[in-house]
1. Where the second residue is assigned to a strand (DSSP E or B) and hydrophobic (A, V, I, L, M, F, W, C) and the first is within 9 Å of the ligand (Cβ to nearest atom) and lies in segment 74-86, which pairs have Cβ atoms under 7 Å and are six or more apart or on separate chains?
2. State all residues of segment 243-264 that are surrounded by fewer than 21 Cβ atoms within 10 Å (Cβ to Cβ) and either of a type in the set (Gly, Ala, Ser) or under 24 Å from Met326 (Cβ atoms) (or both); if no residue qualifies, say none.
3. What are the residues in segment 146-204 that are of a type in the set (Lys, Arg) and crowded, with 21+ Cβ neighbours inside 10 Å, if any?
4. Here is a check on your reading of the model: is Glu201 of a type in the set (D, E, K, R), more than 16 Å from the ligand (Cβ to nearest atom), modelled with pLDDT of 95 or more and not in a strand (DSSP E or B)?
5. Counting just the residues of segment 171-190 that are of a type in the set (Ser, Thr, Tyr) and within 16 Å of the ligand (Cβ to nearest atom), which one comes out nearest to the chain's Cα centre (by Cα)?
6. Tell me, please, whether a residue that is within 14 Å of Gly652 (Cβ to Cβ) and either touching a residue at least 40 places away in the same chain (Cβ under 8 Å) or in contact with a helix residue (DSSP H, G or I) (Cβ under 8 Å, 6 or more places away or on another chain) (or both) can be found in segment 604-612.
7. Looking only at residues in segment 371-411 that are among the β-branched types (Val, Ile, Thr) and more than 16 Å from the ligand (Cβ to nearest atom), which one is surrounded by the fewest Cβ atoms within 10 Å (Cβ to Cβ)?
8. Evaluate segment 447-463: report whether one residue or more is of a type in the set (Gly, Ala, Ser) and closer than 23 Å to Asp354 by Cα.
Amino acid sequence: MDDKTHFDTVKGNGGETHQQVPEKGPHTPDGHLTTNQGIRVSDNQNSLKSGARGPSLLEDFILREKIFHFDHERIPERIVHARGSGAHGYFELTQSLSDVTTADLFQRVGEKVPVFTRFSTVAGGAGSVDTPRDVRGFAVKFYTQEGNWDLVGNNIPVFFIQDAIKFPDLVHSVKMEANSGYPQAGSAHDTFWDFASLMPETTHMLMWAMSDRTIPRSLRTIEGFGVHTFRFINAKGQSTFVKFHWKPKLGLQSTVWEEALKLQSADNDYHRRDLYEAIDTGNFPEWELGVQLFDQAFADSLPYDVLDATKLIPEETLPIKIIGRMVLDRNPDNFFAETEQVAYCPANIVPGIDFSNDPLLQGRLFSYLDTQKSRLGTANFHQLPINAPKCPVMNFQRDGMMQMNVPKGRANYEPNSLAEFGEPGGPRECPVTGFKTDAGRADQDEQGDKLRVRAELFADHYSQARLFWISQTESEQAHIASSFVFELSKVGLAPVRERMLGNLRNVTDELAKRVADGMNMPLPDKAKAARAPFDLPASDALSIQKNLKPTLKGRAVGILIADGTDAALLKQVKTSVTDAGGKAVIIAPKVGGAKLSDGKLMAADAQLQGAPSALFDAIFVCLSDDGCKALMTEGAAIQFVMDAFGHLKAIGHTPQSHPLLDKAGVVHDDGVVFAEHFIDKAAQRFFEREPNVRTLA
Ligand code: HDE
């Protein structure tokens, strides 16, 4: 009875037993349970009653406190980006930027700064799914020695709108419709496309949103972008424009649309789990931080405006300089305290970094601080551990709800002369090292009459949408056209579809025609363009498929076994997957496992019914004659193979598994192989297979 679990019983007044409570052993408690006032609780199972069957008593402060706190556990979710997953890590500088910025984190190569990064979807609520077609937020809080810098970006380098004043309209249109409360987490509905079709400035971002960028395979395989143009300021006070880019070490990787849909039913938390498990098992996700640096003369030479968030600067026009890396190496201890309560704000910048006049960015500078007050309930949210800077914070801001600090002395104003009388006088401003706003370019473009206008080049809504289109592979173009067809087919208002087609004609007639054909609609007249679009040279960097990394690192292979599976072959496949850096997941009809050819029971990592192949990057069907025969009437096994084929994944198999593959409609193409060729293929997708498995626009 010493160290083994020993169960005592908790007795009711009548002596009847109700629960089993471990007294000693692995589940021994760490201490005594108390109320929030520190009073030890003697019974956490029964509320106070007047007699065993009598009414509960109001006097029970333990019950009341517990229920009271529970009732208030939830806080308002974020108005956008409500569903997210976060992790701790660090940023390490690999190339000094001391010539262009005084920002402390960009000075000394090899130095690390702690970060907390949160990825999110945009439209869905906090409890929605992980894999809808949606933009992903990519927000990084750098806890620098000079204060917090938040780089609050997305996985797409441009945005839907140019001016902050349109943001509430954009968000209202894409969120669930106001009367019905649906659809959740998706843009495929009337109001979004109504708004988008009336706002041609959304066109470039729509191209990205309809591409595979919005259905990533993993949060570890997305790029991140600061989107806006920012400024660096150096020691001489000179300003350099900068755009920020995060490049995933694992390369870009996306799903195909049907796979994304199936992931939703297979695992609502697919991306959250993937990130958490990768970190938990020591496969720390990593990104390189790159910058595009340019001056005013370069900005003036471009045929688009660098203050317009619907435009990017192609890497081929201005190369990205890699200056550091971010590694996420620690999961949050508590989801609410950290991931939910983290409060990002693009206005959090450090000396050496400054804003540009991008009108979208300028609006964001107000919004984020403001929204935290309504979300976290108090102006003191910056004191929460996840938000608190890791450098000294000293000022005369005082009091407010949930004040955690206990300032000493009388000095709560500045200037004061209390120090002259031997009392603490508090901090003073620092003209030398303190944050100084860059004056910007003082010409008439930036200083002038008060006008509700936009700069001239902002009126070009189509040239970069066209650039995106011509930069994609054929397969990616087909995905874009098909996503437009899918989304617009969900729009009940036919004139909206038509209006959208009119806009797309300004991008390219080829795309507009394919979308129109996909809906069986005639091609309407071209929408009137506010400014005539022009051609830009294609940019390979904008394509995912042109930038895939053929690696198994960080990817999962599902190995289907059943009774009779060849033990030696299974071992060989498993080892080759793990040797290549992948994760081998054994799937069997029963979770307890299957009896292999050597007579031993091999435990499964997952049961077939609960582990559809959408969860894996490639599959290996490792069946014997008998095993295959047994699975020929198992729908989940047939679907497992059929989906892997349909999702363009490699399928490794034993010769004995042929009948199952045939039943699943597998055609033996380049991606369907025996064990000896499997590992090379497993790191790839077979896009050329796609026209044989589905109709694309
Ligand atoms: Fe945001 N955005 N946004 N946004 N945004 C929020 O702040 C807003 C925009 C982005 O993981 C909100 O704390 C306005 C662009 C991310 O906690 C809110 C405008 C980009 C996150 C808000 C924009 C973003 C947010 C909601 C137009 C990419 C999640 C909750 C002027 C560069 C951060 C919150 C996290 C969150 C406002 C446009 C990225 C309401 C007004 C452009 C990644 O303040």
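1. Listed by first residue and then by second, the contacts come to Gly84/Phe119; Gly86/Phe116.
2. The answer is Lys247, Lys249, Gly251.
3. Scanning segment 146-204 gives a single hit, Lys175.
4. In short, no.
5. Looking at the filtered set, the residue picked out is Ser187.
6. no
7. Val406
8. yes
The values are calculated or read from the model by the stated rules, or taken from the named source; none is laboratory data. Being a predicted model, the structure only gives us computed values, none of them experimental. Glycine also receives a Cβ, built like all others from the backbone with ideal geometry; neighbour counts cover every protein chain displayed.
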